[in-house]
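Notes for the one structure printed next.
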Amino acid sequence: MRFVKQFLAVAAVALVGGQSAAAVKGAFFPTLVIGAVTALLAVVVYRWVVRRTERREPAELGRDGWGRKLGLGTLIGFAMFAAVIANIAFLGGYHVEGWGSPTGALGLLGLMAAAAVTEELVFRGVLFRIIEERAGTWIALALTGVLFGAMHLANPDASLWGATAIAIEAGFMLAACYAATRNLWVPIGLHFGWNFAAGGVFSVVVSGNGESKGLLEASTSGPVAVSGGAFGPEGSLYAVLAGVVLTVVFLWMAKRRGHIVARRRRTAQSPATATVTR
């Protein structure tokens, strides 16, 4: 029951923030402010509801070194997406046509911050934790990764392949990141860095959500396997490969640190304590 309350609390913040951002679509400053407030409020609500429902301090979202962890994750996410774009450009699938919209990038800064925070709190902070507690790390990683990919089927230019790619390169990878670090700041930063690099800097389609107006005026072309097609570069095999590599690295770190949780096994009752019913 406590996890249901946590899920609903963060989901409510995400819903209100998303509707508010949609209402001012195209106005960069309100979008920036609404996104930032949504992200901050989601963190406050998550910490509050965890304290109330679990009677503990939410160490996974603690204040100690949060800026450094968030910055590290952002750097990893940005570098990961930049590497994907570089490979697509090398094969002629990404084209820069000039400078784009700095104000558009600022608006996306807020939107991407809100999306990264709320999605990580829901999927890794709540869902991954509850499933891992009962079924272990591996099953939690698989289930939440698939759910994360399936969520993106609701996007305007979604496809089954795009959702599958997101499950592999983001759903599994971000869960592995949480398992390795046991804090939410690094995966939040990674998620934000990836998304903002895509929409706010390189101005490509993000997860099938249509064109983005970021710092560069750019376009993609070529086979879906290279460019990702209408879903955006996240549907590229380069993005999938990058996600798989990081997933393996994070899981290796989690294993070395002893962070892999084994699946619970039911203990059989001994004949002496078993109750016989007739």
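If only one of A142, A105, A175 is touching a Lys or Arg at 6+ places or on another chain (Cβ under 9 Å), assigned to a helix (DSSP H, G or I) and under 23 Å from M1 (Cα atoms), which one is it? Give the steps one after another, and end with the answer.
Values: A142 fails: touching a Lys or Arg at 6+ places or on another chain (Cβ under 9 Å); A105 fails: under 23 Å from M1 (Cα atoms).
That would be A175, the only listed residue that is touching a Lys or Arg at 6+ places or on another chain (Cβ under 9 Å), assigned to a helix (DSSP H, G or I) and under 23 Å from M1 (Cα atoms).
Picking from I76, I85, I139, which residue would you name as being surrounded by 22 or more Cβ atoms within 10 Å (Cβ to Cβ), at pLDDT 95 or above and among the β-branched types (V, I, T)?
Only one candidate passes the filter, namely I85.
Show the residue pairs meeting these rules: Cβ distance below 6 Å; 6+ apart or different chains; first residue within the range 20-45 and in contact (Cβ under 8 Å) with a residue 60 or more places away in the chain; second residue outside any helix (DSSP H, G or I).
Listed pairs, sorted by first residue: T31/V24.
Filter the range 1-41 down to residues that are among the charged types (D, E, K, R) and in a helix (DSSP H, G or I) and give me whichever is farthest from E119 (Cα to Cα).
Looking only at the range 1-41, we keep the residues that are among the charged types (D, E, K, R), and these are 2, 5, 25.
Retained after the next criterion (residues that are in a helix (DSSP H, G or I)): 2, 5.
Numbers: R2: 18, K5: 16 Å.
Among those that are among the charged types (D, E, K, R) and in a helix (DSSP H, G or I), it is R2.
Return the only residue of E169, E133 being charged (D, E, K, R), touching a residue at least 12 places away in the same chain (Cβ under 8 Å) and within 14 Å of H259 (Cα to Cα).
E133
Within the range 222-249, take every residue that is over 17 Å from the mean Cα position of the chain (by Cα) and not in a helix (DSSP H, G or I) and give me the one that is farthest from I168 (Cα to Cα).
Restricting to residues being over 17 Å from the mean Cα position of the chain (by Cα) and not in a helix (DSSP H, G or I), the top hit is G222.
Hey, can you tell me all the residues within the range 42-73 that are of a type in the set (D, E), loosely packed, with under 15 Cβ neighbours inside 10 Å and in a helix (DSSP H, G or I)?
Passing the criteria: only E54.
Checking G100 against (1) more than 11 Å from the chain's Cα centre (by Cα); (2) crowded, with 20+ Cβ neighbours inside 10 Å; (3) modelled with pLDDT of 95 or more; (4) not polar (S, T, N, Q), which single condition isn't satisfied?
(3)
A quick yes/no check of all residues on (1) in contact with a Ser or Thr (Cβ under 6 Å, 6 or more places away or on another chain); (2) closer than 15 Å to I188 by Cα:
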position: A14; (1), (2): yes, yes
position: F28; (1), (2): yes, no
position: G35; (1), (2): no, yes
position: A42; (1), (2): yes, yes
position: Y46; (1), (2): no, yes
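The values are calculated or read from the model by the stated rules, or taken from the named source; none is laboratory data. Predicted model, so just to flag it, every value in this text is computed and none were measured. FYI the Cβ positions are ideal-geometry reconstructions off the backbone, even for glycines, and counts take in every protein chain you see.
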